[in-house]
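The values are calculated or read from the model by the stated rules, or taken from the named source; none is laboratory data. Worth saying up front: this structure is predicted, and the values here are computed from it rather than measured. Counting neighbours? That spans all protein chains shown, and the Cβs are built from the backbone with ideal geometry, glycine included.
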Amino acid sequence: MVKLVAEKSIGEEIRQRVPRFIVNAIIIIFLFFLYLIVPISFIGIIVPGLNMSGDYLARLIIILVIVIFLARTLPDALFLADLGVDLFLKHLGVIKEERPIKRAARDVVYIILVILLAAAILPLLSSMPKDLRANFRTLTSLITLGLFLILIYDIGRVLYELVEKKIESFANWLAEQANKGEEGREDD
């Protein structure tokens, strides 16, 4: 499942991260609305020394603050995304302990099935009334995109873990070789 930073239980991590994520997300949404509203009051004002308009400077400052809060929210969002993907894949029957290449291949098969299923559903929607058809096509496309992104994310995560393990074993092998080389020189 999800790697824990300080060997906390998943429940403790969730209790810590979810409120922090929600508060940061609310602040980002608030700042987005500020981005739309506040600069209007600075139109036509030139900031002395910077030679830029006040609305441009206000937008720049708000964007900077949004970026800071996005950076604070990102680790929590990635943890929750990992947890969500793990739970979703568990329901699909994808087991975490299976071999990484086999799991990635299964995800590819799932991606193909999702795309084929969406391609099969879209023509069936043509018999629906025009208003409903557009809504259901959009819904089908969004669900397909969501499943596709979740499965691609899992493939990337699995391959990253695989490469990380290989690199760690290579680094350990290099360290052992270096230690053997040092022991050989000490004997001389």
- Query: What is the residue count in region 58-80 for residues that are modelled with pLDDT under 85 and surrounded by 15 or more Cβ atoms within 10 Å (Cβ to Cβ)?
  - Reply: 0
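Residue by residue, here is whether (1) at pLDDT below 85; (2) exposed (fewer than 12 other Cβ atoms within 10 Å of the Cβ); (3) at positive phi; (4) more than 18 Å from the chain's Cα centre (by Cα) holds:
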position: I14; (1), (2), (3), (4): no, no, no, no
position: V18; (1), (2), (3), (4): no, no, no, no
position: V23; (1), (2), (3), (4): no, no, no, yes
position: I27; (1), (2), (3), (4): no, no, no, yes
position: F33; (1), (2), (3), (4): no, yes, no, yes
- Item | Selected residue (only one of L74, L89, L57, L80 is without any contact (Cβ under 8 Å) to a residue 40 or more places away in the chain and either part of a loop (DSSP other than H, G, I, E, B) or closer than 19 Å to R157 by Cβ (or both)) | L74
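Per-residue answers, yes or no, for (1) touching a strand residue (DSSP E or B) at 6+ places or on another chain (Cβ under 6 Å); (2) surrounded by 15 or more Cβ atoms within 10 Å (Cβ to Cβ); (3) outside the structural domain of Y160 (by TED's automatic domain parsing):
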residue	(1), (2), (3)
L87	no, no, yes
R103	no, yes, no
R106	no, yes, no
I112	no, no, no
A120	no, no, no
L125	no, yes, no
D131	no, no, no
A134	no, no, no
L139	no, no, no
- Message: surrounded by 13 or more Cβ atoms within 10 Å (Cβ to Cβ), of a type outside the set (A, V, I, L, M, F, W, C) and either more than 27 Å from V163 (Cβ to Cβ) or in the same structural domain as Y153 (by TED's automatic domain parsing) (or both): is that true of D55 in this structure?
- Response: yes
- Message: Need pairs with beta-carbon distance below 7 Å; first residue surrounded by 14 or more Cβ atoms within 10 Å (Cβ to Cβ) and within region 149-172, second acidic (D, E); sequence gap 6+ or separate chains.
- Response: L151/D107; D154/D107; I155/D107
